[in-house]
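Q: My questions will all concern the structure given below.
All of the numbers you see were taken from the coordinates with simple rules; none came from a lab. Please read these numbers as outputs of a predicted model, since none were measured by experiment. When we count neighbours, we look across all protein chains shown, and the Cβ atoms used for this are built from the backbone with ideal geometry, even at glycine.
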Amino acid sequence: MHKTRNLKTNFLLLLNFMGLLPLVAFVDPQDEYQLRIQKTADKMEIDGRLEDPAWQKAAVAKDFWMAFPIDGEKAPLQTEVRATYDDDFLYISAVCHGTNDYIIQTLKRDIDFWEGDVFAVVIDPVNQRSNGFNFGVNPYNVQMEATIAGQIGNRANLTGSGPPTGINPSWDNKWFSAVSNHEDRWIVEMAIPFKTLRYDASKSTWGINFIRGDIRSNSYHTWAPVPVQWLTVDLGYTGALVWDSPPKAQKRNVSVIPYLTTAYDQDFVEETEANFSPDIGVDAKLAVTSSLNLDLTINPDFSQVEVDQQVTNLTTFSINFPERRLFFLENSDIFSGFGIPPSRPFFSRRIGLNQGQTIPILYGARLSGNLDKNLRMGLMNMHTRSTDDFKAQNYTAAALERRIFARSTIKALFLNRQGFEGAETIEGNYGRNAGLEFDYSTADGKWGGFLQYHRSFKPDLSSKQTFFNIGFRHNSRNIGVFMDHNRSGENFFADMGFTPFLSNIDAIRDTIIRQSVSASFNRFTYTHYPDNERINSLQFQVADTYKLDENWNFRENSFLLTFRANYANKSTLIFEATQNNIRLLFPFTFTGDIPLPAQWYDFRNVSVEYQSNNRNAFNFQAGLLYGGFYNGTRLEARLQLNYRRQPWGNFGVSIRQNDLDFPAPYGNTRLWLVGPRIEINFSNNLFWTTFIQYNTQVDNLNINSRLQWRFQPMSDFFLVYTDNYAVDVWGKKDRALVLKASYWLNL
């Protein structure tokens with residue numbers, strides 16, 4: 001009972017904090033950092049040489065600031081940036097002074113971009129710090145682009161397990177660049193079509209910032225200063241791009257991307273005959289206004305998307321994998337930003353996928369963007385085909401996001417899934433959700449809080465259908481605090497979302513039982529930046545998670561202590577210690593033997609991890625964890641070896657072994673997850689990647705080999721081979737060979 005009282009005390013403190021959020025004074029960088037841009041009548045040649053007359057007339061952004069590993073000092077390397085434009089393109093050039101011993105990780109677009117020498121631009125076309133774009137190139141002219149949402153979190157809370165919340169590097173679009181290399185500098189020219197950007201044609205000032213990454217010194221520099229606790233792409237710290245005349249709205253902004261595939265596939269488990277199946281489909285992008293975009297798709301195909309990277313799951317809940325399909329990516333935060341990770345009322349992988357298996361999509365339409373300077377909207381409808389195992393489904397999502405104050409928002413969401421039999425709806429086969437959220441943030445992002453309320457609607461259900469969440473956050477240079485408390489009713493269903501903690505597996509009855517759950521998460525982080533040439537930062541973190549069952553009785557507590565040392569040579573050392581108190585609600589097995597009984601378990605473990613300097617051609621990550629695991633023990637060893645042959649090759653293998661040992665009669669097991677990977681880059685436009693995953697937990701060996709030829713910007717030819725084998729009893733599962741060609745056509 002004392003733990004329940006502690007949770008309630010934390011909850012009251014949280015409410016107090018929410019009432020005391022200070023209005024901290026914020027000096028807007030746009031008051032001082034302004035780059036004026038003039039239109040050019042000259043034809044621009046994108047060749048990386050800066051010989052066009054427009055560059056000689058353009059204003060210069062220079063005298064960059066350090067943004068990492070320290071701030072408040074001028075950057076030691078000079079970077080000079082210029083901008084101009086014509087009716088169709090925004091042009092940006094940069095001269096990056098320094099030696100020419102560049103480091104890059106790969107020639108593939110987007111991949112590990114920030115782990116090498118880079119130049120990038122952050123653009124906020126509506127200048128409201130709510131959403132923007134990120135474009136970048138490296139000295140080998142490898143491109144990167146991403147979308148950015150308003151809140152992307154504190155640098156100290158990055159886990160290394162994926163991109164930060166709010167940054168979507170999977171978004172791709174069509175733009176142009178060229179690079180020239182010299183002994184004492186490298187020069188970038190970028191041409192970004194206005195058709196690629198979603199902007200307000202009435203605004204004469206955009207938010208903008210420029211980023212220089214010098215990987216030899218492990219440092220990042222920005223034109224408008226960004227405090228070290230924030231990522232350099234943060235929209236709260238942009239300078240101003242001041243237009244002599246705002247760019248006009250694009251009169252005809254239509255892109256059509258047809259595709260053609262032919263596939264060979266065979267299911268050996270079902271003993272079906274080999275199947276050859278040609279297919280055709282089309283995607284389209286139509287600009288309704290300069291800031292509002294309509295995406296259309298007919299019979300979309302995602303066979304070229306790289307397979308999910310498997311993980312060993314040692315929780316009692318299911319896990320999710322990130323969205324990689326192009327159609328769902330632009331402005332995706334409008335829908336996916338509701339709720340809290342990992343529980344989300346909208347998760348696009350629930351559309352057209354079921355446990356990794358494809359469900360054909362007939363068509364889809366999505367309208368998203370800005371209605372005015374303060375109002376964003378998203379409206380989506382998709383329809384899947386019926387299969388032998390699934391009825392046809394129609395999915396509708398609608399979201400509104402209204403900006404108030406400096407960086408605060410009020411958001412609303414409505415979701416509807418409806419089953420279909422032919423052209424008729426199936427009575428009672430639906431799931432609906434409605435939600436309202438308020439997110440408060442000071443202009444500098446240091447203080448914030450949020451309130452969230454959602455309700456689901458299902459036939460014959462009238463209670464326990466809500467989700468409620470309240471939270472507080474603070475991020476300063478040294479201190480990071482995050483607190484939240486949420487409650488999910490057992491009848492809160494999210495047919496288009498992901499809510500893992502409501503479903504409990506009963507291994508004896510082989511069924512899933514839903515129960516209401518309350519959770520409280522508290523995290524405190526202290527980051528020290530020592531005056532030391534060898535150490536960039538030392539970080540100490542305390543995190544605590546409480547969970548209560550449907551009767552508000554204590555169910556689970558996890559207490560985590562973390563120490564992280566980030567060294568100037570890009571290596572990292574991490575120590576962690578965890579204390580767990582878990583009441584297993586239903587019998588569960590991790591070994592396939594007799595399930596562990598539903599009772600209390602107290603256990604603790606410690607781990608250490610070292611990540612070496614990835615600037616070296618050979619680098620590695622190694623980790624070891626040992627301790628209790630319910631009523632047994634767990635020993636985990638993990639190793640990842642990488643070798644880079646710059647710029648054309650990457651070769652690596654990841655190995656993870658978990659030994660679980662329980663007292664009789666609960667068994668023991670050894671779980672292996674092994675993943676060799678070979679990447680050959682023949683040029684910036686021709687790549688071959690082979691990825692093998694050996695996973696004993698899911699009894700599968702997967703081979704995925706993909707050849708990609710980008711024969712024109714955003715137009716590709718793919719040859720993809722996939723093979724799956726059973727592990728325990730060796731045998732073929734299924735096999736597929738796919739040829740796909742797509743062409744990006746601007747009308």
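Q: Need the full-extension length gain, residue 719 to residue 558, defined as separation in residues times 0.36 nm minus the C-alpha distance. One decimal, nm.
A: Full extension of this stretch gives 53.4 nm more.
Q: Continuing with this model, one more query. Angle, helix 2-19 long axis vs. longest principal axis of the chain, Cα atoms, 0 to 90°, nearest 10?
A: Helix 2-19 sits at roughly 30 degrees to that axis.
Q: Take every Cα pair under 8 Å in the chain that's 6+ residues apart, average their separations, divide by the length, and report that relative contact order as a whole percent.
A: Dividing the mean separation by the residue count of the chain yields 10 percent.
Q: Now for a separate question. Efficiency by 1/(1 + (r/R0)^6): what FRET value for residue 42 and residue 320, r their Cβ-Cβ distance, R0 = 56 Å, to the nearest 0.05?
A: E(calc), rounded to 0.05, equals 0.65.
Q: Quick one: which residues, 5+ away or cross-chain, put their amide H under 5 Å from the amide H of residue 223? H built at 1.01 Å from N.
A: Here the answer is 65, 210, since their amide H atoms fall under 5 Å of that of residue 223.
Q: Moving to a separate point now. Would you grab the residues whose amide H sits under 5 Å from the one on residue 715? Only those 5+ places off in sequence or on another chain, please, with H modelled 1.01 Å from N.
A: Counting only residues 5 or more places away or on other chains, the set is 744.
Q: Near residue 57, which aspartates and glutamates are there with a Cα under 12 Å away, not counting those fewer than 8 places off in the same chain?
A: Leaving aside aspartates and glutamates fewer than 8 places away in the same chain, those within reach of residue 57 are 42.
Q: Tell me whether the range 253-404 comes out rounded, prolate or oblate; compute the Cα gyration tensor, take square roots of the eigenvalues as a ≥ b ≥ c, and use a/c under 1.5 as the rounded threshold.
A: Oblate is the answer for the range 253-404, as a/c is 1.5 or above yet b/c matches or exceeds a/b.
Q: Order of 295, 71, 184 from fewest to most other C-beta atoms within 10 Å?
A: 184, 71, 295
Q: Just to be sure I understand: if I project the alpha-carbon convex hull of the range 33-243 onto a plane and average over all orientations, what area do I get in nm²?
A: Spelled out: convex hull of the Cα atoms, projected over all directions, averaged, 10.6 nm².
Q: Between residue 685 and residue 747, what is the label-point separation in nm under the 7 Å Cα-to-beta-carbon projection?
A: 2.5
Q: Can you work out the Karplus-derived ³J(HN,Hα) for every residue in the range 181-194? Use 6.51 cos²θ - 1.76 cosθ + 1.60 with θ = phi - 60°, whole Hz, and x for glycine or proline.
A: The phi angles translate into 10, 9, 5, 10, 5, 10, 10, 10, 10, 10, 10, 9, x, 4 Hz.
Q: Hey, got the dipole for the chain? About the Cα centre, +1 on K and R Cβ, -1 on D and E Cβ, debye to the nearest 20?
A: 1400
Q: Nearest 5 percent is fine: what portion of the DSSP beta bridges confined to the range 33-243 is antiparallel?
A: Expressed as a percentage, antiparallel bridges in the range 33-243 total about 90.
Q: Grab the Cα-Cα distance for residue 88 and residue 110, subtract it from 0.36 nm times how many residues apart they are, and report the gain in nm with one decimal.
A: 5.5 nm
Q: Taking a cut-off of 18 Å between Cα atoms, list the lysines near residue 203, but don't count ones fewer than 8 places away on the same chain.
A: Within the straight-line cut-off, residue 203 pairs with 39, 195, 248, 251, 373.
Q: Let me ask something else about it. Where Lys and Arg each count +1 and Asp and Glu each count -1, what net charge lies around residue 287 among other residues with Cβ under 9 Å from its Cβ?
A: Local charge sum for residue 287: +4.
Q: In debye, nearest 20, what is the charge dipole magnitude of the range 242-353 about its Cα centre with +1 on Lys and Arg Cβ and -1 on Asp and Glu Cβ, if you could check?
A: Here the size comes out at about 820 debye.
Q: Short version: ³J(HN,Hα) in whole Hz for each residue of the range 79-93, in order, from phi by Karplus 6.51 cos²θ - 1.76 cosθ + 1.60 (θ = phi - 60°), x for Gly and Pro, what are they?
A: 9, 10, 10, 10, 9, 8, 7, 10, 5, 10, 10, 9, 9, 10, 10
Q: In the range 590-625, whose amide N lies under 12 Å from the spot 7 Å out along Cα-to-Cβ of residue 508? List them in ranges.
A: Counting only backbone N, you get 595-599.
Q: Let me ask something additional. Looking at 528, 67, 314, which one has the Cα that reaches farthest to the positive end of the dipole of the chain (charges on Cβ: Lys, Arg +1; Asp, Glu -1)?
A: Going by the Cα projections, it comes out as 528.
Q: With a cut-off of 8 Å between alpha carbons and a minimum separation of six or more residues, what is the relative contact order of the range 31-147 in percent?
A: After rounding, I find 16 percent.
Q: Return the calculated 222 nm mean residue ellipticity for the chain, to the nearest 500 deg cm²/dmol, obtained by summing -39500 (n - 2.57) across DSSP H runs with n ≥ 4 and dividing by the residue count.
A: Helix contribution divided over all residues of the chain: -1000 deg cm²/dmol.
Q: Need one number: nm distance between label points at residue 311 and residue 264, each 7 Å from Cα along Cα→Cβ, rounded to one decimal.
A: 3.6
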